[in-house]
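Each remark here refers to the structure printed beneath this line.
The values are calculated or read from the model by the stated rules, or taken from the named source; none is laboratory data. All of these numbers come straight from a predicted model, not from anything done at the bench. Cβ sites come from the backbone with ideal geometry, for glycine too, and all protein chains shown count toward neighbours.
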Amino acid sequence: MTTAATPRDPGLQPQRTALAWSRTAMAVGVNAALVLRVGVHGEEPLLTVFGILLLVAAAGLVLVAAWRKQALMRADAPGAPPAVMLQAVVVVCVLACVGGALTLGRLAGLG
């Protein structure tokens, strides 16, 4: 019995993955805007630089999200993203968390 190769049916998985990347980028972008705002208005150079770095990281995540969606929509879609991509996302998310903590500390008068 021979089986014919069936076309790949990813269902909604590519759309869910693209939405997840977009949500992550949006969350980092909002956090970056808040850190940048506190840094500029509070005349905190460290927070200002941190906010700019996070904005660049958020823009990078938006580009990765668009690339990942295009890659997943192809019939020969790749499996899991490369490890270096996952590591970069973890680093960006940790930076966003640290920036948020610094901002909250500054707003609470702890910094």
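Odds and ends about this structure:
- Of all residues in the range 66-84, those that are of a type in the set (A, V, I, L, M) and assigned to a loop (DSSP other than H, G, I, E, B) have Cβ atoms under 7 Å from Cβ atoms of residues that are surrounded by 10 or more Cβ atoms within 10 Å (Cβ to Cβ) and at pLDDT 70 or above, 6 or more apart or on another chain, in ALA77/ALA71.
- Any hit, the range 74-82, residues being modelled with pLDDT of 75 or more and surrounded by 15 or more Cβ atoms within 10 Å (Cβ to Cβ): no
- The range 42-70, residues that are within 18 Å of ALA101 (Cβ to Cβ) and not β-branched (Val, Ile, Thr): GLY42, GLU44, PRO45, LEU46, LEU47, PHE50, GLY51, LEU53, LEU54, LEU55, ALA57, ALA58
- In the range 40-64, the residues that are modelled with pLDDT under 85 and more than 18 Å from the chain's Cα centre (by Cα): GLY42, GLU43, GLU44, LEU46, LEU47
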